[in-house]
Each structure stands twice: as structure tokens, then as C-alpha cells.
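Colleague: Before we start, here is the structure in question, set down as C-alpha cells.
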Amino acid sequence: MKKLKTAWRKLLRIPHLFAKSMVLWCVACGTAASAYALRILSRTGHDPAALLGVILAFFGGELLLMCLKTVLKNGKDDNHD
């Protein structure tokens, strides 16, 4: 149990952990959606470009909002100590 607490504390000390995990999540989901769209195209011959565009726009919008939040912050310090 003690090792779990120290591992949790180390994890919480990583700066911008939420932003890093969000970028990884969006990239992973975008990659998975692209691979699935290619699978649909190869198996059925139907073009999934519209669906893929909506999915990638959603994840790209999430990343854009996170970027704008970082760029446009009002000089507030985001220390989590």
C-alpha cells in the first residue's frame, strides 16, 4: 500500500499531467478512428470520409480548446502545490 501511495504522489508531481494525457488520448483515438475508417473502406468499399472528418474535428477541437486555454490565460500561475 505504501508503494502505491508513493507512486501516486510521483504521478501527481508531473507538470501538466492532464494536458499530456489529453494529447495522448486525442492522438490515440484519432489514430484508431482512422484505422477503422480504412477498414470500412477496404471491406465495404463505402467512403467513410465524412464520418472520419467529424470524429477528427471533435478531437482536434478538444486540442485547440486546450491550447487556447494555455495561450489565453490571464497571467494566473498554475502551480498545483
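The values are calculated or read from the model by the stated rules, or taken from the named source; none is laboratory data. Remember, predicted model here, so these are calculated numbers, not experimental data. Every residue, glycine among them, receives a Cβ derived from its backbone with ideal geometry; neighbour counts consider all protein chains shown. Accessible surface is based on the protein model in full, side chains and every heavy atom, while ligands, DNA and RNA are left aside. Shrake-Rupley method; radii C 1.70, N 1.55, O 1.52, S 1.80 Å.
Colleague: Can you tell me the accessible area per residue over the chain, all protein chains present, probe 1.4 angstrom, in square angstrom?
Modeller: In whole numbers, the chain has 89 Å² accessible per residue.
Colleague: Report in % the part of the accessible area of the chain that belongs to carbon and sulfur, leaving out ligands and nucleic acids; probe 1.4 Å.
Modeller: Ligands and nucleic acids excluded, carbon and sulfur give 68 percent.
Colleague: Need the full-extension length gain, Y36 to E62, defined as separation in residues times 0.36 nm minus the C-alpha distance. One decimal, nm.
Modeller: 7.3 nm
Colleague: Under a point spin-label approximation (7 Å from Cα along Cα-to-Cβ), what is the H46-L17 distance to one decimal in nm?
Modeller: 4.2 nm
Colleague: Give me the dipole magnitude in Debye, nearest 20, for the chain about the Cα centre, with unit charges on the beta carbon: positive for Lys and Arg, negative for Asp and Glu.
Modeller: 620 debye
Colleague: If V23, V71 are ordered by their accessible area, calculated over protein heavy atoms with a 1.4 Å probe, which sequence runs from highest to lowest?
Modeller: If we order V23, V71 from most to least accessible, we get V71, V23.
Colleague: Further question on the same structure: So, in nm, how far is label A7 from label T70 when the simple model puts each one 7 Å beyond its Cα toward the Cβ?
Modeller: For A7 paired with T70, the spin-label model returns 2.7 nm.
Colleague: Considering all alpha-carbon pairs of the chain, what whole percent are spaced by more than 20 angstrom?
Modeller: Within the chain, distances greater than 20 Å cover 54 percent of Cα pairs.
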